[in-house]
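Trainee: One structure follows; several queries about it will come next.
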């Protein structure tokens, strides 16, 4: 056992399996695109039912009398923690930590930090990497800036002008995510036959 640990510690960190890493990255983007679609549908429903702050107040009545409006929206991932978890998952795929047995060596840690999916994508598909990073950054910024307001709007309504602005921004950032996902999907399909198992070469 000690001999095996020693071999692992002394060995050179390996490059990640690009196929498996890209597949996992694609699934994260797929989930995020679906979540973005749900958010857009909820905002569209808010608009279609004219649930602005003014109309909500008139239905509820003075002093909040009557039955408050609740939008029957789909589940949307705007609660605190969603985008942070997605960022952690992406970071772990793009820049995985060095194997435990090699962390004692600063040289091995530096080697492992260079042998990442990020490095492979920077070399083989730099344009896709740039598109992916722009899309993730844009959607993350939108969610962090607006999730509290959107969640509140779905319960209480929102001024129509502000709602239209949120809908457009949500659609734009969702489209960026979807484009990155589709281009990643194309890269995988073109370079890896269906059914290829981990460890095999394309």
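Trainee: For the range 123-202, what value does the Rg/Rh ratio take when both radii are computed over Cα atoms and Rh is the Kirkwood radius, given to two decimals?
Mentor: Result for the range 123-202 is an Rg/Rh of 1.19.
Trainee: Could you give the nm distance between label points at residue 152 and residue 28, where each point is 7 Å from its Cα heading toward the beta carbon?
Mentor: 3.1 nm
Taken together, the values in this text are just the output of simple stated rules run on the coordinates, not laboratory data. Just so it is clear, the model here is predicted, and its values are computed rather than measured. Ideal geometry is used to build each Cβ from the backbone, glycine not excepted, and the neighbour counts take in all protein chains shown.
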